[in-house]
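The values are calculated or read from the model by the stated rules, or taken from the named source; none is laboratory data. Bear in mind that the values here come from a model prediction, so they are computed numbers and not experimental data. Cβ atoms come from the backbone with ideal geometry, glycine included; neighbour counts cover every protein chain shown. Just so you know, the surface numbers come from the protein's heavy atoms only, side chains and all, with ligands and any DNA or RNA stripped out. Shrake-Rupley method; radii C 1.70, N 1.55, O 1.52, S 1.80 Å.
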Amino acid sequence: MSGYSFPAVVVSLTMVSLGLFVLTRNAMSGVHRALFLQSLCLSLWLFSYGIMYSIQSAEVARSLVNIGYMAVIFIPVTFYHFIFHFLKLYRKRAWLVLAYLVSGLFTLSLWFSTYFVSGMERYLWGFYPKAGIIHPAFMAFFSTLYCSAVRFVFRA
């Protein structure tokens, strides 16, 4: 394992452990489930990228990028989902469902086209993805969800 991989893998294992700890305290709680989903997405992203930094095969790196980036796509939605339950914003349920659907569309684009990730670059630390043509739209989606969730927190 390269020196670049180790921190990402350790943090990913810590994240999923914390998520599981919270989930086991009350698995029926929407807040606990949403926090677990958030930690799972963060952990999957960090773990796949950590492993990707240590491998030599571009094909395997591309598969790891797809797994990791799929988790990244759901990070803002799971954060929004956590805030949704934490602040009991049940009137915003349609927006939450829409956010999951949009994330699903981005995921389909990631796995079945080069519009989301257009390729791989090899750097000193290992492989890293190149952004595709619809990546700016994802960044706008990511920013909008995060800003909306933070705005809800400040209003509460």
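Inside segment 21-39, can you point out the residues that are assigned to a helix (DSSP H, G or I) and surrounded by 14 or more Cβ atoms within 10 Å (Cβ to Cβ)?
V22, L23, G30, V31, H32, R33, A34, L35, F36, L37, Q38, S39
If you check M52 against the conditions, is it surrounded by 19 or more Cβ atoms within 10 Å (Cβ to Cβ) and in contact with a strand residue (DSSP E or B) (Cβ under 7 Å, 6 or more places away or on another chain)?
Considered against the rule, which asks whether it is surrounded by 19 or more Cβ atoms within 10 Å (Cβ to Cβ) and in contact with a strand residue (DSSP E or B) (Cβ under 7 Å, 6 or more places away or on another chain), M52 comes out as yes.
Just to verify a result, which residue in segment 129-147, among those that are without any contact (Cβ under 8 Å) to a residue 60 or more places away in the chain and touching a strand residue (DSSP E or B) at 6+ places or on another chain (Cβ under 8 Å), is most open to solvent (accessible area, probe 1.4 Å)?
Taking the candidates together, the pick is I133.
Open to solvent by less than 30 Å² (accessible area, probe 1.4 Å), without any contact (Cβ under 8 Å) to a residue 40 or more places away in the chain and more than 23 Å from M28 (Cα to Cα): which single residue out of F154, F106, F112, F116 fits that description?
F106
Checking the conditions here, which among L42, L13 is open to solvent by 70 Å² or more (accessible area, probe 1.4 Å) and in a helix (DSSP H, G or I)?
On inspection, the qualifying residue turns out to be L13.
Kindly indicate whether any position in segment 111-127 is in a helix (DSSP H, G or I) and among the aliphatic types (A, V, I, L, M).
Scanning segment 111-127 turns up no residue that is in a helix (DSSP H, G or I) and among the aliphatic types (A, V, I, L, M).
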